[in-house]
Structures are given as structure tokens and as C-alpha cells.
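Here's the structure, in C-alpha cells; my notes come after.
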Amino acid sequence: MDFDFSEEEHAFRKKAGEYIAKIAKPGVAYKPTFNSGYADTPDRKQFMKDLAKGGYLGLSWPEEYGGKGMDPVYDYLLTEELAYQGMPGSGKGVGIIGKTLLRRGSKEQQERFLPQILNAEIDWAIGYSEPDAGSDLGSLKLKAVRDGDGWRLNGQKRFSSSAHFAEWYFLMARTHPDRPKHKGITLFMVEMDHPGIQVNPMWTIDGHRTNEVFLDDVWVPDSQVVGEPGQAFYYVAEALDFERHVLFPLGPIQRLSEIFLEWLNTATIDGEPVRDRPEAKRLAGKIARGLEVCRLQGLSVLAADDPKVATIRSSMNKIAMSEFGRALADEALEMMGPGAWLSDSDPDAPAGGLYARAQIAVVIWIIGAGSNEIQRNIIARRGLGLPV
Amino acid sequence: MDLDFTEEQKQLTQSLRRMLGDKCGADVVRRMEGDEKGYPDDLWREVAEMGLPGLTISEQYGGLGLGALEQVIAFEELGRALAPVPLFVSSVLAAGLLERAGSEAQKGEWLPAIASGEAVLSIAWLEPGNSFSEKGVQMSAGATGDGYRLNGKKFMVQFAAAADRLIVLVRSGPNPTDIDLVMVDPKAKGITLKRHKTMVGDAQFEVAFDNVEVPAADRLGAAGEGWAHWHHVLRTGMIALAAWGIGCGEGAMTLGTDYAKEREQFGVPIGSFQAIAHPFADAATLLAGARMITLEAAWAKDTGRPHTRLATMAWLEACDASRTATKVSQNAFGGIGFTRDIDIQLYFRRARQHELSWGNPDALNEEVGTEVLSELA
Ligand SMILES: Cc1cc2nc3c(=O)[nH]c(=O)nc-3n(C[C@H](O)[C@H](O)[C@H](O)COP(=O)(O)OP(=O)(O)OC[C@H]3O[C@@H](n4cnc5c(N)ncnc54)[C@H](O)[C@@H]3O)c2cc1C
């Protein structure tokens, strides 16, 4: 057993960290309350391109596809470093979509898309959720009807983050309404600038944009269907099994914890150092412990070789991280006293107002990428064998 | 990074689980509740035959010289079986103090006997009305010319009736840390034992000292260093305590989830209700996290890294996890779980007592936090 990374791995993270700090223009880094986000401004797009230029994308892709054939631990380290510095994550393109194409895409699709992903030339939106299909993704309705050498798509998606700037849309639609619901869904890649696609903003309470997307007679050729029609649900689950650690990096809560500990250590209330209070010391102890446990939960996802174990571990990781984030935000705000409710745009906010924002951001950590209730179902069912 | 056990470590788990499955069923656990000695000789012999009392004692003193990771394996299995054995007080605390503070003569006399399981030592630390902190050690060690004269009371002394020696924490002066460690035979003149009735019926005693003479040669380590040694050994020992709590929680989860799959109400297994299943999932998550940090603390110790803070955190985390796991499992049994015949209550009561026994969570969190903040300053 060895809980440490190797010397090469440490050196890699250090080098990546220096490179990231060097190429990021001011404003590219988000505040650490966000789960890294994706490239949505010209500067952030440029950042991703520079990251690609530095050779940091596709680390664990096979060499024949332009990757580096490195151990997935390097993806983990890069994701953590990006998240820690508040940079856009790379996991959607090279992780979820790229790896799906590597496993399931046609030769032609691989030749067309993989280089563009590796060079960060394109951004993707993921269109799984719909107004009536959230946790129960398998019930999605967006209709795809056979039409010539392709499919005609009609319907509505919701929460398609990045859809307002992405070039490509990775979406699931129902192609076989006669089959059992999980077996009638197909994965498509669609140009976002298709005239039949309309993107409307949905503004989030943490100041971000996600989107509602309407598809009106959008014809997609067979060459843009991923894998076998009807198999999408399986592909999506498979991609998540392998890429779950990229969805919940420790970086944001690590930064939040560090900033709060710094505040505890230096702030005064009523002219007295907060750090002298027993409850402040207790809280510092709980934060240090909670953070370390979250870090280890993440490592166990990474270390799980068996995909079944990885699934359970990543559900545990997601619950542990998001619940710790919530507890941390609640306790920190209570400790701060008057002014705790100042937002992060107010220069007088304690600890930069990060916590006022974090307590809002944690709502989506708990709901997003499969809500914690859904994760509990997974753990209970697959981990404990309960018939829930 | 490598989070796998070695083949030998996996075998240790398997053979221990097999032995405890054979020799330490719930009947044994039940039989020991209220037993004067508190552990069955035959089980202790089996445990000794597998080398557990000497697991981490150095080979030079007849132990196996293995590390904290193996200790975690052992205590996790003992916790899963709720094995009533004096392993923690004797082989972790007493042996730990001897290895750290003992003279060559003291080590030579006691460590081989502890390692073979022939001798059992225990610790007399806590006192009626006093806390877990150094302030709680008030029993005075009146200095005689060449030794001590002990007067006062200790309580919560485990296995005192069966112990060959007690290591007693005594106050030698007014400063908070003026504390010495002395070895006393519990059968010595002037000592009376009174059995407590604990919530798990284990063998804990009040030990009253009436002018008990102890020669200076029976002190462990230098005068005034007792608390530092004790604090270090107990913090390191928290790795084993955490592992025991996790094993106890896992054992309870097995009973609880098995029952939730069988028991039907409203025409379906109760495990199909999320109000039953989700708390199990949360408990499993807590146990998994606690297990990781416990293993990390053990690894840190075995590789010579600083480990006492990790060990304390592991213990706190394991307490949360085992409390949650046993509570949730107890709850799944409904009314039948409230009856004595059902084994889940054995776990439920033990997890709670275990968690309360070795330190106050507020104080321990504070201790960790103080260290964390001082590193920022
Ligand atoms: C900011 C943001 C960005 C997003 N980005 C994307 C994206 O890019 N692409 C995409 O496809 N989706 C995206 N999502 C959608 C997200 O994945 C869904 O919101 C999430 O899966 C939950 O679905 P829902 O909102 O429909 O809630 P519902 O499924 O309606 O759930 C409502 C509540 O019911 C609970 N619940 C539901 N089912 C069960 C059950 N079986 N047992 C117990 N409780 C249950 C849930 O836990 C939740 O608390 C995004 C969402 C947000 C808010």
C-alpha cells in the first residue's frame, strides 16, 4: 500500500501547475466556488488551446490516436491542478466524449473529431437532460425518426450547459419507441449552428448560464450517430464509469477550505482573534479531517480497477464531497458572524464572500451529475445488494 | 499510489476471519457479558497462536515485528466479530508504552510475555469525576525516599482482575504534565477492585489504592515524561481503535442489510424502501472514508511519516462511521431489534461505548485544529 504519488507524478503536477499559471490570462481562473466550468470566453478558449499546445490533452489516450498513452493517474493530476487553480476542466472533451469516440466511434468519426478535441479546437455541449427526464434519464423523449440515410430530430432539451458557445452537441434521442426504454436511445453528434436548433438561456442562482435547447426538424446523417443505434444509455453509463473522477475534483473544496482556514487564523471579532476560540479550533480540525477524507474518497475512485467498484466508489465520492462542501459552507458562515451574508462582489465580505457564494454553489454539487439520492440508490443497490 | 493490500495481508484477513467465525460467534460475545475475567481462555489462546498479541512487537522481544497496516487488518476483523480479548490494552497500549519508555530490563521482562499472550497488561488512566485530559490525572503518587506511595482511585480499568500488571498514570507534581507511569501488580497489598457495570457488560473495574508502595524501578521512562509517552502511544493506538470501530460498523451493516433483504412489509422487502436503503448507503460511504483514512494513518506510521494527527482524525472519523452504521442497522430491525435475542444490539451498544471510551470528540477536534492552525501561522 502506498498513499503517495510517485516522484514523476509529483513532478508532473508541479510542471503542469506552472504551465497552467503561465498560460492563463487574468480572468480565466474562476473563483474556487465553481466546479471548474468550461471554456466560455475567448480567453478561456485560448487557454484550452494553449493547454493542448503544451501537450496536456489526451494524456491517457492511446498513442495511435495522438494521445500519450499515459496512466489515467495523470488525467487525475491534471484535472486536480486545473480545478485547484479554478481553470476550465478538460474532462468533457478528452474524457467523456473523446473516450466514448475512442471506444465506440467509427474510424471516420475518430479521424474527424479526435484531432479537433486534442487541439481544443471545438467545444461540446452535452444534451442528456430534458424537461421530463432528469434523474430518470432513460425516460427521455426527444424524438429521432428515420429519414433517408439519417435521422430527423424534434423536441426539447434542458440544462445543456455550454450550448450557447459550443460548436458541437452530444445528445441522446429516442430512436426506437417500441423497445424497452433504456434500449431505444441513440447518441448523436450535431452541429450547434444547425438552423433548426434554438438555444435559450437559463440563468442559475450562482451566476452562470445553462440552456434550454429546442430542436425543430434537425436532420442528422448516420455518419454522426455514435456506435449502434439503441445503445446510447449503455455508452453513457460506460463513459461515466471511466471518467467519474473528472466530474468532482477536490480542487474547489480544497481551495475553499484553505481560504477559510486562513480566515480563521487571521480574523478578529470583537477585537479578539477568532483562532483563540475553542469552537474555531474544533472547526479547523473538522475541516482538515473532512477534506482529507474527501481526498481519499477521490483516490479510491482512481485506484479502483474494477468498473463495478469504480461506480460505487464514485457515487461515494460525489456524496462525500458535496455533503462536506455543504457542511463547510454552513459552518463557515455561522462562524463569520455579521457580514457573513455579504456577497463575493462586495469588497468588505469576509474571506472574499466565497462562502456566501459557496453555500449556493453546493446546491448544484448535490443535484448535478446524478443527484445524491440517485447516488444513494446506486450504492444501496450495487454496493449493498438492497432491492431498492 | 497503490491502495491494494499485499497477498500476505489479504491472507491475514482471511485466516483471521475464518478463525473468528469458528471461535467467536455471538454466543461467545454474549457469554462474556458480565464475566469476571472478560475474555475466554480458549479464544485468547487461538488469538495468541495466530501471533496477534505480538503482531507489532519487535522480533527481538518475541513479536512478529509487523506494521500498523497489519494491525488495522487484525483490529478490523476483531471488531467485525466483537471479539472479547484484551488485545488493545495489552499489546497496543501497554506494549507501546514499554517499547517507547521502558528500560531494557522492563522490556525484557514483559514484552516477550505480552507477545506470547502469557501475560496481559492493562492501563489505569481515568479517574472518577475527571476528564480524559492530563488534568484528569489527579491520583497522587506521594514520593517516598526511593519510590511512590499510591493513594486514590482509578476507574474504567479494563481486564484489571485478569491483568498481570497495570500501568498506572499518577500525578507527581502540580504542573499539568507532572505525570509518571508506574507498573503495579493489581494483586498487590492495598489494592481493591470493584467491578463496574458497563453498557456492554465488559470487564472494567474501579481500582482503589491504599498506601500502595511502588519502587522507583517500576516507573516507565523518566519522571515527568509520563504524559508525553502516554499521549503519543494512545494517539498512535487510535489507528487500531479506528479499525476496530470500522470492523464493528461493517459487521453491523452485514446483519442490517441481510435483514433488510429478507424482512417483508407491505408485500416487499423493507430494503426496497429508500428510507431504509439510503441511510445504509450513507453509512457505507462513511465507513469507506473512515477506512481509507485509517489505512493512510497506518501507512504513514509504517513509512516513518508523521502520523499522530492522521491517527486522531481516523479515530474521529471511524467513530462517526461506526455510530452511524450501527444505528442505521439497529433501526432496520424494528421492534425485534430491541429484544435481547437479536445480535444487532451487541454491535449497537459496543459501537457507542467504544466511541465514548478513549477521548472526547470536542477535545480531539480541538487538538487537531490547533495543530492545523499553528502550521498556518
Ligand atoms: C447548472 C446545471 C447544469 C447542468 N448541466 C447539464 C448538462 O450540461 N447536460 C445535461 O444533460 N444535464 C445537465 N444538468 C441537468 C442535471 O443533470 C439534472 O438537473 C439532474 O440530473 C437532476 O435532474 P432534474 O433536475 O430533472 O431533477 P429531478 O430528477 O426531477 O429530481 C428532483 C428531486 O427528486 C429527487 N429524485 C429524483 N428521482 C429520485 C429517485 N428515484 N429517488 C429519490 N429521489 C429522487 C432528486 O434527487 C431531486 O432532489 C444541469 C443542471 C444544472 C442545474
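What to note about this one:
- Selected residue [at the interface with another protein chain (Cβ under 7 Å from one of its Cβ atoms) and among the charged types (D, E, K, R)] from B:LYS301, B:LYS261: B:LYS261
- Of all residues in segment A:357-388, those satisfying the criterion of being touching a residue at least 60 places away in the same chain (Cβ under 8 Å), out of contact with any Leu (no Cβ under 7 Å at 6 or more places or on another chain) and within 11 Å of the ligand (Cβ to nearest atom) are A:ALA361, A:VAL363, A:ILE364, A:TRP365, A:GLY368, A:GLY370, A:SER371, A:GLU373, A:ILE374, A:GLN375, A:ARG376, A:ILE378.
- Within segment B:11-61, tally of residues that are free of Cβ contacts under 8 Å to residues at least 12 places away in the same chain and closer than 21 Å to B:GLN204 by Cβ: 2
- Checking the stated criteria, B:ARG235 turns out not to satisfy the condition of being over 20 Å from the mean Cα position of the chain (by Cα), modelled with pLDDT of 95 or more, more than 12 Å from every other protein chain (Cβ to nearest Cβ) and under 23 Å from B:VAL89 (Cα atoms).
- Between A:LEU354, A:LEU302, A:LEU328, the distinction of being more than 15 Å from the ligand (Cβ to nearest atom), in contact with a His (Cβ under 9 Å, 6 or more places away or on another chain) and in a helix (DSSP H, G or I) belongs to A:LEU302 only.
- Counting residues in segment A:122-132 that are free of Cβ contacts under 8 Å to residues at least 12 places away in the same chain, within 16 Å of the ligand (Cβ to nearest atom), more than 30 Å from A:LYS15 (Cβ to Cβ) and not in a helix (DSSP H, G or I) gives one or more.
- The set of residues in segment A:133-162 being near the ligand (Cβ under 8 Å from one of its atoms) and surrounded by 15 or more Cβ atoms within 10 Å (Cβ to Cβ) consists of A:ALA133, A:GLY134, A:LEU137, A:LYS157, A:ARG158, A:PHE159, A:SER160, A:SER161, A:SER162.
- The one condition in (1) closer than 24 Å to B:LEU55 by Cβ; (2) part of a loop (DSSP other than H, G, I, E, B); (3) basic (Lys, Arg) that B:ARG340 fails to fulfil: (1)
Yes/no per residue for (1) in contact with an Asp or Glu (Cβ under 9 Å, 6 or more places away or on another chain); (2) more than 23 Å from B:PHE88 (Cα to Cα):
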position: B:THR294; (1), (2): yes, no
position: B:CYS319; (1), (2): yes, no
position: B:ALA325; (1), (2): yes, no
position: B:ARG349; (1), (2): no, no
position: B:LEU356; (1), (2): no, no
position: B:ALA363; (1), (2): no, no
position: B:VAL372; (1), (2): no, yes
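- Within segment A:168-214, the set of residues being closer than 20 Å to A:GLU121 by Cα, within 15 Å of the ligand (Cβ to nearest atom) and part of a loop (DSSP other than H, G, I, E, B) comprises just one member, A:MET192.
- Residue check for B:LEU111: within 21 Å of B:MET238 (Cβ to Cβ) and either surrounded by 22 or more Cβ atoms within 10 Å (Cβ to Cβ) or under 19 Å from the mean Cα position of the chain (by Cα) (or both): no
- Within segment B:335-345, considering residues that are within 16 Å of B:THR257 (Cα to Cα) and in contact with a helix residue (DSSP H, G or I) (Cβ under 8 Å, 6 or more places away or on another chain), the one nearest to the other protein chains (Cβ to nearest Cβ): B:ILE344
- Selection from segment A:328-377 of residues that are within 27 Å of B:GLN274 (Cα to Cα) and in contact with a Lys or Arg (Cβ under 6 Å, 6 or more places away or on another chain): A:VAL362, A:GLN375
- Any hit, segment A:212-221, residues being away from chain B (no Cβ under 14 Å), surrounded by fewer than 20 Cβ atoms within 10 Å (Cβ to Cβ), within 25 Å of the chain's Cα centre (by Cα) and modelled with pLDDT under 95: no
The values are calculated or read from the model by the stated rules, or taken from the named source; none is laboratory data. The model shown is predicted, which means the values in this text are computed figures rather than measured ones. Don't worry about glycine lacking a Cβ; one is built from the backbone with ideal geometry, like all the others, and counts go over all protein chains shown.
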